[in-house]
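S.K.: Below you'll find the structure I mean.
The values are calculated or read from the model by the stated rules, or taken from the named source; none is laboratory data. Keep in mind that this is a model prediction, so the values were computed, not measured. All Cβ positions, even for glycine, are placed from backbone atoms using ideal geometry, and neighbour counts span all protein chains on display. Remember, those area values only see protein heavy atoms, side chains included, never the ligands or the DNA or RNA. Shrake-Rupley method; radii C 1.70, N 1.55, O 1.52, S 1.80 Å.
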Amino acid sequence: MTCDHRVGTVGGDAVGASHGTDALPEADEIGGAVLERPSSTASFPSSHTLGPDVISDMMASRYVTMVGILGDPDSGKTACLASIYLLVANATLTGWTFADSRSLMAFEDIARGARDWNAGTPPDQMTVHTEMSDDRRPGFLHLRLVRKSDGRRVDFALPDLPGEWTTKLISSAQAERFGFMKSAEALWIVVDGRALADKERRQGAISRVGQLAERLKALFDGAVPRLVIVVTHRDSGELAQTVSTRLLTELQRRDVEFTVVQVAPFSENNAVRAGFGIDDLIAATVGTPRAAPDFWPSISPSDGARAYLAFRRDR
């Protein structure tokens, strides 16, 4: 039996049913879905970071310096990004000034921990562990800086990736999520400086850098972009020369060229300022400015050689 008060579609058989007729409503008209089922599941970028499609559109409109950032969990990747933002926000990034950013809220998210000071005591962890809502899509931070020396504007696309991505790349060569890095102009391998200073952890850390370099060679078919080894926790001590030599030997054995930059995104040592080496990291990422060519060089005329007659008529 059908209830006389059952609500049906207007103009359908259910209307007739409400008036006591014997006609039964069709199953797809009453109690069915009001909206059509979406053909695909919508995906959202993690937190306030930018999705790959936004970065792709940006790269189509202007030149963007993509940076690949790799490193073990808790090596200091996110701390480097937060330190860059805090230095820029306080106009203390040597040689650079802020121009624009499309991910200020994302920078605020990762830098919030650094502001949670309690009675002058820094928090146990300056940045939160990076987690992805979609484990297949990287989240990007955008920053546009202007180099004071030549006025060059540089748009950076900086991925904030969890260290587990690097772990899986080393252990099982899972590189399908790193396709975006083929557009990278520079790569950072972030290494915990405390691990390099620890005798028991040192060799493991150096070996993992070498294995990661080998994976990158395979990913880039041997043409690895500018590689920067970023050694964090400079406030805990300077990288020993013997350790630097062992790191050099490991990467030379892999036939990989690199630059080492020591940084202290945050500091618990009064002798080392917070943000130490970040300006060197940015400079190593962009590369040294090339000297501007002489637009119209002065040459001395020689017999038998052709020259522009209209150039320097006073001669």
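S.K.: Those residues that are open to solvent by less than 10 Å² (accessible area, probe 1.4 Å) and part of a helix (DSSP H, G or I), I need them from the range 174-194; list them, please.
M.R.: Phe178, Met181
S.K.: Then there is this: Does Glu200 satisfy the condition of being under 27 Å from Ser244 (Cα atoms), surrounded by 15 or more Cβ atoms within 10 Å (Cβ to Cβ) and out of contact with any helix residue (DSSP H, G or I) (no Cβ under 9 Å at 6 or more places or on another chain)?
M.R.: Considered against the rule, which asks whether it is under 27 Å from Ser244 (Cα atoms), surrounded by 15 or more Cβ atoms within 10 Å (Cβ to Cβ) and out of contact with any helix residue (DSSP H, G or I) (no Cβ under 9 Å at 6 or more places or on another chain), Glu200 comes out as no.
S.K.: Of the conditions (1) open to solvent by 20 Å² or more (accessible area, probe 1.4 Å); (2) within 24 Å of Phe178 (Cα to Cα); (3) at pLDDT 90 or above; (4) of a type in the set (A, V, I, L, M, F, W, C), Phe107 clears all except one; give me its number.
M.R.: All conditions pass for Phe107, except number (1).
S.K.: Any residue in the range 55-74 that is surrounded by 20 or more Cβ atoms within 10 Å (Cβ to Cβ), closer than 15 Å to Leu161 by Cα and more than 13 Å from the chain's Cα centre (by Cα)?
M.R.: Yes, the range 55-74 contains at least one residue that is surrounded by 20 or more Cβ atoms within 10 Å (Cβ to Cβ), closer than 15 Å to Leu161 by Cα and more than 13 Å from the chain's Cα centre (by Cα).
S.K.: Under the condition of being closer than 19 Å to Ile84 by Cα and of a type in the set (Phe, Trp, Tyr), which residue from the range 227-279 is most open to solvent (accessible area, probe 1.4 Å)?
M.R.: Taking the candidates together, the pick is Phe276.
S.K.: Go through the range 154-173 and count every residue that is in a helix (DSSP H, G or I) and open to solvent by less than 10 Å² (accessible area, probe 1.4 Å).
M.R.: Qualifying residue count for the region: 4.
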